[in-house]
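The values are calculated or read from the model by the stated rules, or taken from the named source; none is laboratory data. Everything quoted here is computed from the prediction, not taken from an experiment. Methodologically, a virtual Cβ is constructed for each residue, glycine included, from the backbone with ideal geometry; neighbour enumeration extends over all protein chains shown.
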Amino acid sequence: MKIYGITGWKNAGKTGLMERLVAEFCARGLSVSTVKHAHHTFDVDQKGKDSYRHRDAGAREVLLASGTRWVLMNELRGDAEPPLADLLARLSPVDLVLVEGYKRDHHPKIEAFRAETGNPLIAKQDQTIKAVASDSKIAIDRPVFDLDDTSAIADFIAGELTL
């Protein structure tokens, strides 16, 4: 599987860019999966539902399936967060995996950058960032794309990965 990341600080436009890139690559006929890192506790289950009750009772994994989708929930129960490589190994094969977050991992990435957030540009200290998608003009030794130019950003990623 080919892997490419979208990274950046909070409110930099990562999720919107991810959403547009998934749609763009799917429209180009590629199969795409995503991995999103969250820095906070989250729950995809609902209190009171059977699957929630299974987890709450102590199950390590709960697989919930229907005629339209399935999801495997894994409770770490005090274990360390798994590294990105371990999570990627659990995915079914696809043409492209887009990864949101994981700014410290070593896969190639594009940094989403919005000047209004006041955050520093990560790319200046990180050579795994191959380009920047920004809402403003910036000076850096890598390609800079308009944050909303999804087609050009997708072309760049496709060229990098020879898709």
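Observations on the model:
- Residue match in region 93-100 (condition: within 30 Å of ALA158 (Cα to Cα), assigned to a strand (DSSP E or B) and at pLDDT below 95): no
- Looking across region 26-64, the residues that are part of a loop (DSSP other than H, G, I, E, B) and surrounded by 11 or more Cβ atoms within 10 Å (Cβ to Cβ) come down to ARG28, LEU30, SER31, HIS37, ASP45, LYS49, ALA59, ARG60.
- Any chance VAL22 is aliphatic (A, V, I, L, M), surrounded by 16 or more Cβ atoms within 10 Å (Cβ to Cβ) and either modelled with pLDDT under 95 or not in a helix (DSSP H, G or I) (or both): no
- Residue within region 113-129 that is in a strand (DSSP E or B) and modelled with pLDDT of 95 or more present: yes
- Taking each residue of region 58-82 that is among the aliphatic types (A, V, I, L, M) and looking for partners that are assigned to a loop (DSSP other than H, G, I, E, B) and at pLDDT below 90 with beta-carbon atoms closer than 7 Å, six or more apart or interchain, yields VAL71/VAL44; MET73/VAL44; MET73/ASP45.
- Filtered residue count, region 147-163, keeping only those that are closer than 19 Å to MET1 by Cα and either assigned to a helix (DSSP H, G or I) or without any contact (Cβ under 8 Å) to a residue 60 or more places away in the chain (or both): 9
- Scan region 99-114 for residues that are touching a residue at least 12 places away in the same chain (Cβ under 8 Å) and surrounded by fewer than 23 Cβ atoms within 10 Å (Cβ to Cβ) and the total you get is 9.
- Qualifying residue in region 72-89 (condition: surrounded by 12 or more Cβ atoms within 10 Å (Cβ to Cβ), over 23 Å from ASP126 (Cβ atoms) and out of contact with any strand residue (DSSP E or B) (no Cβ under 8 Å at 6 or more places or on another chain)): no
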